[in-house]
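Worksheet for the structure shown next.
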Amino acid sequence: MDGENPVKQAAQGRGADGKFLPSVSGNPTGRPKREHCISDLMYELLTGDPEKVLKKWNAAKKKTGAMRVVIAWYKKLTTADMTALKEALDRVEGKVPQAIEATGKDGGPIRYARELTDDELDAEIERLRRTRPTRREAGAPESASEPT
């Protein structure tokens, strides 16, 4: 960008330093549309009439690799293969969200070290030292630098 005409830079949405101006995209047309991706083909097959879709794909002069994969997957699906069914649902409908609950001691709020008093922090460190197995108990080889 060095040495370019400042007017041309401004027209391209760039400042004098060559950086994009605020609210100006370096990729105004966005990401190219995916064509014939596996998820889209699965969706087409499952939401339409499978026989018609397969007939259309088989009539195509050249099948894409994605079409071949989906056809093979569909054959497994029609044999009641539960793994194939799960894969279809995950790709077409999206994975089922898993609830994760993070709580502190006895279901209370999580307390961060910076919120603890010095005495509480010392007590927690001591508790962890007592409950943590030594390297020997854990089955790890002792290193030469570790005190015995």
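The values are calculated or read from the model by the stated rules, or taken from the named source; none is laboratory data. The structure displayed is predicted, hence computed values, not measured ones. Because the Cβ atoms are built from the backbone with ideal geometry, glycine has one as well, and the counts that use them run over all protein chains shown.
Structural remarks
- For the stretch 50-64, the set of residues classified as without any contact (Cβ under 8 Å) to a residue 24 or more places away in the chain and either part of a helix (DSSP H, G or I) or of a type in the set (D, E, K, R) (or both) consists of Glu51, Lys52, Val53, Leu54, Lys55, Lys56, Trp57, Asn58, Ala59, Lys61, Lys62, Lys63, listed by residue number.
Each row is one residue, and each column tells you yes or no for (1) surrounded by 10 or more Cβ atoms within 10 Å (Cβ to Cβ); (2) in contact with a strand residue (DSSP E or B) (Cβ under 9 Å, 6 or more places away or on another chain); (3) outside any loop (DSSP other than H, G, I, E, B); (4) at pLDDT below 80.
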position: Ala66; (1), (2), (3), (4): yes, no, yes, no
position: Val70; (1), (2), (3), (4): yes, no, yes, no
position: Lys75; (1), (2), (3), (4): yes, no, yes, no
position: Ala84; (1), (2), (3), (4): yes, no, yes, no
position: Leu89; (1), (2), (3), (4): yes, no, yes, no
position: Pro109; (1), (2), (3), (4): yes, no, no, no
position: Glu120; (1), (2), (3), (4): yes, no, yes, no
position: Glu142; (1), (2), (3), (4): yes, no, no, yes
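- Being surrounded by 10 or more Cβ atoms within 10 Å (Cβ to Cβ), of a type in the set (A, V, I, L, M, F, W, C) and modelled with pLDDT under 85 is a description that applies to Val24.
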